[in-house]
Amino acid sequence: MTAAASFQHVPVLLREVLQWLAPHPGGVYADGTLGGGGHSQAILGMMAGTGTLYGIDRDEAAITAASSRLKENKNFIAIHGNFHEIKELLPPETMLDGGLLDLGVSSHQLDTPDRGFSYHEDAPLDMRMDRGQGETAAQWLARVTEKDFAQALYDFSDEKWAARIAKVLIEKRAVKPIETTQDLVNVVDAAIPKAVRRKDSGHPARRTFQAVRIAVNEELDPLPKALQDWMELLRPGARLCVITFHSIEDRLVKRAFQQMKNPCTCPPRAPVCTCGKQPVARVLAGGAIAPDELELTENSRAQSAKLRVAERL
Ligand SMILES: C[S@@+](CC[C@H](N)C(=O)[O-])C[C@H]1O[C@@H](n2cnc3c(N)ncnc32)[C@H](O)[C@@H]1O
């Protein structure tokens, strides 16, 4: 099997992304979360072999698979890196006609047991999107304080049992290091009472895995600044499309776009603006776009997806 054929990821909100991004021949675009290259392939289709599409991913496996899938497209350039550093990744002076960010992990990452993202498999706790950099989840869990772990669970996944889970982690790791996905599932199982676990919809470890993944990959703190940098690289009239998969991420995107629309920091009752901060974008689509019924029935990953779009002024 080729790298591309083994990389399964159904692009979410594809029709809506194409509608709002409206890629055109000769344009310059960037997909900051290349993944399996599904969105990129459709964007390239609308560019008719002209212009340039930059495809960025911090995961080498995604770069390899998508480069193989898109190899016929001479106007596609794959870049291994973190889209938070977009200004350093693109050639100097590049201006974009549109950008796409489809946040989070790919189905391929979730479904590859040895990446350590899944609570359904027992595997070493890695969870890094870029396996060449930073701490693994196991290393982070070995040193995080009880207070910081509880805070991460609360901030990155709204976990109601954050304090209990953090306490149990400290107790359990004093006996044996937390090194596998099953070790982490056991921490959650020991922390959340059985009756609550039974009533909870979804796997009880889902929120803990999400929080650990976000912490290890530093997904959220740099996001507002990254969105601002992407917006600054857009030409007037060009659009930034961002797909999120949980409410915390969506809230950050919504706020960042609002801030671009109305950056004024003057007191609300000030008769005239004195801060001088001018709007840089307008928010399109009247808020968040959700997948339609058909997509929801065909792709379970689309359940919590939301698309937000902002246009450079
Ligand atoms: C939801 S998948 C994207 C799927 C893709 N749109 C497709 O159609 O196949 C998210 C991808 O973004 C990558 N990613 C997440 N955060 C990133 C970041 N800060 N910089 C670069 N890549 C990132 C992940 O490694 C993953 O491959």
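Counting only alpha carbon atoms, the long axis of helix 206-216 and the longest principal axis of the chain meet at about 60°. Using alpha carbons only, how many degrees (0 to 90, rounded to 10) separate the axis of helix 146-157 from the longest principal axis of the chain? Taking the Cα atoms of the chain, the angle to 146-157 is about 50 degrees. For region 180-278, the set of trypsin sites (Lys or Arg not before Pro) satisfying both a DSSP loop assignment and a count of at most 15 other C-beta atoms within 10 Å is given as Arg269, Lys277.
Compactness of region 31-146, taken as the C-alpha radius of gyration over 2.2 N^0.38 Å, stands at 1.20. The Cα atoms of the chain cover 63, 59, 39 Å along the three principal axes, with the biggest extent listed first.
Which links in Lys172/Lys225; Lys194/Lys254; Lys160/Lys261; Lys261/Lys306; Lys167/Lys194; Lys71/Lys254 stretch past 26 Å when you go from one Cα to the other? Table pairs above 26 Å Cα-Cα are Lys172/Lys225; Lys194/Lys254; Lys160/Lys261; Lys71/Lys254.
When the chain is treated as a GNM with alpha-carbon contacts under 10 Å, the residue of Asp130, Asp148, Asp122 showing the greatest mean-square fluctuation is Asp148. Taking 18 Å as the straight-line reach from the Cα of Lys176, the aspartates and glutamates in range (excluding those fewer than 8 positions away in the same chain) are Asp122, Asp126, Glu146, Asp189. Qualifying GluC sites (Glu not before Pro) in region 38-111, where qualification requires a DSSP coil assignment and no more than 14 other C-beta atoms within 10 Å, comprise Glu72, Glu93. Charge tally for Val253 (other residues, Cβ to Cβ under 11 Å; Lys, Arg +1; Asp, Glu -1): +3. Positive-end ranking of Leu296, Pro263, Cys275 along the dipole of region 256-313, with charges on Cβ about the Cα centre, is headed by Cys275.
A simple charge model with +1 on the Cβ of Lys and Arg, -1 on the Cβ of Asp and Glu and nothing else charged puts the dipole of region 119-216 at about 380 debye relative to its Cα centre. 3J(HN,Hα) couplings calculated from phi for region 37-47 with the Karplus curve 6.51 cos²θ - 1.76 cosθ + 1.60 (θ = phi - 60°) are, in sequence order, x, x, 5, 4, 4, 5, 5, 4, x, 7, 8 Hz; Gly and Pro show x. Computed from the alpha carbon positions, the gyration tensor of region 113-200 leads to an equivalent ellipsoid with semi-axes of 21, 15, 13 Å, biggest first.
No value in this document is a laboratory result; all are computed from the given coordinates. Everything quoted here is computed from the prediction, not taken from an experiment. Reconstructed Cβ throughout: ideal geometry from the backbone, glycine too, with neighbour counts over all protein chains shown.
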